[in-house]
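Undergrad: The structure that follows is given in the form of structure tokens.
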């Protein structure tokens, strides 16, 4: 039986690099994917497969689908799918750069690198706005149940992931009063204490995992990113299916009750994609569901 890629359940690393690849027209991805198994150990390199790549291999991964796009009052939630996603985890930016080059070379016969984005851990796990991220993450066995497909499914040991790059508008955020910022998040920045009387638009209230039916638990592994003077958060949420994240997203954009998440007052998603993260068998990616 496959086990999960261990990086999914480990704490976020000091540094990371996210790589998104497209499939070159007419290319055969099979051999490069087999070679990727020698590079992607599931811990230092976590790999995810997009819908287009699965279809190119003539396979249907049950539960994998295209990220939904949404439009609200003054904001858009885009869908920007890619064929293959890599989360390279580490402690040295130079080493991550060279590891990225190795991954790109390994895949170059069939894949084109479309995006490389550097990320980092900030202030013991805070977003660049100063608020703690992932406070409500399930722990231990509950995290495994939330993030990893369980037996007897043929996909047992694998996971699904939702990935969004959010670009913060710091001038808008800094123009808000401390009370307005806390109300937008639903927590006090100084203590991380949840605010009982926060407005219904507060992010914590929009995404309270236990308030969905069924409960919408995911394991967040988000990290801040920065490029010159632009910055924000790479939102990464692993689940045993994509249903929990999708339920949260629908509520954030106001499809359930017409109330939009207050996050949209100062930040916007610029990408959005879903991937299937294969399990591991004997220390290598288990690509059997893809026919490899």
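What follows draws every value from the coordinates through simple rules; no lab data is involved. This is a predicted model, so every value here is computed, not measured. Cβ atoms come from the backbone with ideal geometry, glycine included; neighbour counts cover every protein chain shown.
Undergrad: Taking the Cα centre of each part, how many Å lie between region 138-173 and region 62-125?
TA: Comparing the Cα centres of region 138-173 and region 62-125, I get a distance of 15 Å.
Undergrad: Moving on. So what's region 172-292 giving for Rg/Rh, alpha carbon basis, Kirkwood Rh from the mean inverse pair distance? Each step should come with its number before you reach the end.
TA: Details: Rg = 17.3 Å, Rh = 16.6 Å.
Using Cα coordinates only, the ratio equals 1.04.
Undergrad: Taking the number of other C-beta atoms within 10 Å as the exposure measure, put 177, 66, 106 in order starting with the fewest.
TA: On the way: 177 8, 66 13, 106 17.
So the ranking, lowest neighbour count to highest, is 177, 66, 106.
Undergrad: Write down the radius of gyration of region 65-107 and its Dmax, each obtained from C-alpha positions, in Å.
TA: Gyration radius and largest Cα-Cα distance of region 65-107: 16.0, 43 Å.
Undergrad: Here is a further query. Assuming 0.36 nm per residue, please report the length gained on full extension of the stretch residue 241 to residue 209 beyond their Cα-Cα distance.
TA: Details: separation 32, 0.36 × 32 = 11.52 nm, distance 1.43 nm.
Result for the pair: 10.1 nm of gain on full extension.
Undergrad: Anyone know which of 158, 52, 222 comes out most mobile in the 10 Å Cα GNM of the chain?
TA: Of 158, 52, 222, the Gaussian network model singles out 52 as fluctuating most.
Undergrad: Moving on to the next point. Can you list, bin by bin at 5 Å, the percent of alpha carbon pairs in region 231-283, starting at 0?
TA: 4, 14, 21, 23, 17, 9, 5, 3, 2, 1
Undergrad: Taking 0.36 nm per residue of sequence separation and subtracting the Cα-Cα distance, how much length would be gained by fully extending the chain between residue 282 and residue 270, in nm to one decimal? Provide the component values of the computation, followed by the final result.
TA: Values: separation 12, 0.36 × 12 = 4.32 nm, distance 3.71 nm.
Once the chain is fully extended between residue 282 and residue 270, it gains 0.6 nm.
Undergrad: Which percent of the Cα-Cα distances in region 6-290 go past 35 Å? Kindly include the intermediate steps, with their values, before the conclusion.
TA: Working: 6207 of 40470 pairs.
Every Cα pair in region 6-290 considered, those over 35 Å come to 15 percent.
Undergrad: Choose one answer from 209, 180, 150: the residue with the largest mean-square fluctuation in a GNM of the chain with alpha-carbon springs under 10 Å.
TA: 180
Undergrad: Something else: Over region 119-222, consider all pairs of different Cα atoms and compute the Kirkwood hydrodynamic radius from their mean reciprocal separation; express it in Å, one decimal. Could you put the intermediate results ahead of the total?
TA: Working: mean 1/r = 0.0638 Å⁻¹.
By the Kirkwood definition, the hydrodynamic radius is 15.7 Å.
Undergrad: To continue, here is another question. Stretched out fully, how many nm does the piece from residue 250 to residue 195 gain, at 0.36 nm a residue minus the Cα gap? Could the numbers behind the result be given before it?
TA: On the way: separation 55, 0.36 × 55 = 19.80 nm, distance 2.26 nm.
Here the segment from residue 250 to residue 195 would lengthen by 17.5 nm.
Undergrad: Between the helical axis of 243-252 and the dominant principal axis of the chain, each derived from Cα atoms, what acute angle in degrees is found, rounded to the nearest 10?
TA: 30
Undergrad: Hey, another quick one. Can you give the alpha-carbon Rg of region 1-69 over 2.2 N^0.38 Å, where N counts its residues?
TA: Numbers: Rg = 13.8 Å, N = 69, 2.2 N^0.38 = 11.0 Å.
This ratio for region 1-69 stands at 1.26.
Undergrad: Given the rule -39500 (n - 2.57) for each run of at least 4 DSSP H residues, summed and divided by the residues of the chain, what is its mean residue ellipticity at 222 nm, to the nearest 500 deg cm²/dmol?
TA: Values: 8 runs with 64 residues, N = 292.
So the helix-based figure for the chain works out to -6000 deg cm²/dmol.
Undergrad: Between 185, 49, 195, which gets the highest mean-square fluctuation from a Gaussian network model of the chain, Cα cutoff 10 Å?
TA: In this elastic network of the chain, the residue with the biggest mean-square fluctuation among 185, 49, 195 is 195.
Undergrad: Over the chain, what relative contact order in percent results from Cα pairs under 8 Å that are six or more residues apart?
TA: In percent, rounded to a whole number, it is 30.
Undergrad: Which order results if 24, 265, 142 are arranged by neighbouring Cβ count within 10 Å, fewest first?
TA: Values: 24 15, 265 18, 142 12.
Ordered by Cβ neighbours within 10 Å, fewest first: 142, 24, 265.
Undergrad: Give the calculated FRET efficiency between residue 93 and residue 73 to the nearest 0.05, with a Förster radius of 45 Å applied to their Cβ-Cβ distance.
TA: Numbers: r = 39 Å, r/R0 = 0.87.
Calculated value: 0.70.
Undergrad: Quick one, what does Rg over Rh come out to for region 59-175 if you take C-alpha atoms and the Kirkwood Rh?
TA: Here Rg/Rh amounts to 0.98.
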